[in-house]
Amino acid sequence: MRMAGAVALGVIILEALLVGAFLLGFYWLGEVQWGILFAGILLLLIALPWLGELVVRFDSRGPKGEAEIGWWGRAAFAMSGETTHLVVRVLGIPIRRTMRSEKPAAESSDVPSEGEPLPASAQVEPAPVVQPTEVKEDPQRKPKRKKAGFIRHINSETIEGLCRMVGSGLGATCELVWGAREIEVRVYDPMQKELVDALIAEAFGYRGVGPVNVLLGLGDGCRRVQVRYRIGLLRMVLAGLQVLVNGRPQALAKQMKETAGEPPVKDRDEELIEQIRSGAGQATDAPRAQ
């Protein structure tokens, strides 16, 4: 129902924009043809970004990869050693970045090797041995309980949100897989052992189910993975919109944030133990007051 409402709202907004463009052309230039032309231009501008398809390519040799977003966007990266080259193109305008990974600090050559004695200036006298002091534990003091990371966020509301999010995510995943135009995975020399890889290639070889095609074969002895993924751009956007509308990740994040600030709920056994201790303490204090 939420998805249907979102689609209906989007259609209403689109119709309002088209009617506004038509009225602008009609009242500004005084003819119906200009109103239709303005509305057509606006519809073309709205539809153009979603025409085409998303194409993702990846090659582990390098590694390198690229993503083409319709006709208007493209991103590619290539790694050579410790340098990564990134190129992003929007409407043909390139944006280039080069990133280098920082090398760890080299170890000092002054450190002696194993078995070599330290120089006299570097020798340190052993520290005096300190006898540990005994610490008396208070029997009334409760042991500190470790805070659970994700468990403390779980309650009836967050479980409902998680189930909703998982369900919508699975639906979107199925749409992205079986609604794709092409999914091709090629793996060469997966085990990097000639005999084992030959057996795997002979047993598995090439398999295709719907748009998914998987190939396990022999290469030059080094493991190599190639992936190619194609899907309609509008279909991918609608699958992501389905997750946002039905899964409601914003509401789930808000609920978990609110749950993190709440005090932990005490067990029934802990409450009974506290009542017994408080009653015993009052009973011992009464004779002293007399």
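Within the shell defined by Cβ-Cβ distances under 13 Å, the residues around E194 carry a net charge of -2, with Lys and Arg each +1 and Asp and Glu each -1.
The ellipsoid that matches the Cα gyration tensor of the range 197-250 has semi-axes, each √(5λ) in whole angstrom, of 36, 12, 11, with the longest given first. Remark: spin-label model distance Q250-A16 equals 1.7 nm, labels positioned 7 Å along the Cα→Cβ axis. Modelled spin labels at S101 and L234, positioned 7 Å past Cα toward Cβ, are 4.2 nm from each other. Among T158, T173, the order of accessible area from largest down is T173, T158, computed with a 1.4 Å probe on protein heavy atoms. Accessible surface ranking for W178, W28, W72, W50, 1.4 angstrom probe, highest first: W28, W178, W50, W72. Accessible area of M79 (1.4 Å probe, protein heavy atoms only, ligands and nucleic acids ignored): about 80 Å².
Give the shape of the range 1-74 as rounded, prolate or oblate, defined through the alpha-carbon gyration tensor: a ≥ b ≥ c are the square roots of its eigenvalues, a/c under 1.5 means rounded, and otherwise the shape is prolate if a/b is larger than b/c and oblate if not. Oblate.
The values are calculated or read from the model by the stated rules, or taken from the named source; none is laboratory data. Worth saying up front: this structure is predicted, and the values here are computed from it rather than measured. Don't worry about glycine lacking a Cβ; one is built from the backbone with ideal geometry, like all the others, and counts go over all protein chains shown. In case anyone asks, the SASA skips ligands and DNA or RNA and just uses the protein heavy atoms, side chains included. Shrake-Rupley method; radii C 1.70, N 1.55, O 1.52, S 1.80 Å.
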